[in-house]
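Read through the structure below, which is laid out as structure tokens, and then see the notes.
Derivation of every value follows stated rules applied to the coordinates shown; laboratory data play no part. Keep in mind that this is a model prediction, so the values were computed, not measured. All Cβ positions, glycine included, derive from the backbone under ideal geometry; neighbour counts span all protein chains shown.
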Amino acid sequence: MLIRPASKSDVPGILAIYNDIIATSTAVYRDDPVTLEDRLAWFRSRTHTGYPILVAADESTSTANITGFSTFGDFRTGSGYRFTAEHTVHVQSAHRGRGIGTQLLLALLPHAQRLNKRTLIGGIDAENTASIRFHERLGFERVAHLRQVGFKFDRWLDLILLQRHL
Ligand SMILES: CC(C)(COP(=O)(O)OP(=O)(O)OC[C@H]1O[C@@H](n2cnc3c(N)ncnc32)[C@H](O)[C@@H]1OP(=O)(O)O)[C@@H](O)C(=O)NCCC(=O)NCCS
């Protein structure tokens, strides 16, 4: 499994993973699938600002099979937040629990340091205990519990913020 920067041709693979997570879980607080145009605009915007989008790719087939992706962007707008980034990592359901998420998250760290980020923050649904444990194992610490800030599948959702200093 190769971890490498995403290219435009990887965006459909990223889209498939993202839309499956939207449809089947509360890991992403969105109700509707996103379009390819939306993800292409996101890809252009992230790469334009110099932020990384990394993919895990199984290169054993002729067309690379994208099994996961990771990225970070601004935590909040405002120049005072410039040393803080918010990351995301998602792995295709059939490939979870094999270390791909760990590799994808660890591979973000040199990029964050290169861009002078001091801290990474992940926003995880409070019921997503697997992802919370995954982050804690990688040195993230729970720093906030935001109550009923999300709503999906007809219920309120709490968001946990986890933070790691670099
Ligand atoms: C959370 C996630 C990125 C972890 O990636 P991964 O490749 O499964 O994780 P790794 O194999 O590197 O690490 C395994 C850890 O992840 C956890 N895990 C999460 N989902 C799992 C699954 N379906 N099967 C096995 N382990 C899973 C395990 O608890 C394991 O921790 P443990 O060894 O302490 O038990 C991935 O499961 C995922 O994409 N989940 C759905 C979307 C999501 O929650 N994204 C994070 C929001 S930012």
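List of remarks:
- Helix runs (DSSP H) in the chain reaching 15 Å along axis by Cα, Kyte-Doolittle at least 0.5: 11-24, 100-114
- Sequence ranges 154-160, 141-147, 103-109, 5-11, ranked by mean other-Cβ count within 10 angstrom, highest first: 103-109, 5-11, 154-160, 141-147
- Estimated FRET transfer efficiency when R0 is 35 angstrom, pair ARG4-ARG82 (beta carbons, to 0.05): 0.85
- For the pair SER45 and THR24, a Förster radius of 41 Å applied to the C-beta separation gives a FRET efficiency near 0.95, rounded to the nearest 0.05.
- Pairwise FRET efficiency - GLN148 versus ARG96, Cβ, R0 = 41 Å, nearest 0.05: 0.90
- Sorting ILE66, ILE132 by the number of Cβ atoms found within 10 Å of their own Cβ, with the fewest placed first, yields ILE132, ILE66.
- Phi-based couplings in Hz for region 86-93 (Karplus 6.51, -1.76, 1.60; Gly and Pro marked x): 10, 9, 9, 9, 9, 10, 4, 4
- For the chain: Kirkwood Rh in Å [reciprocal of mean 1/r, alpha carbons]: 16.4 Å
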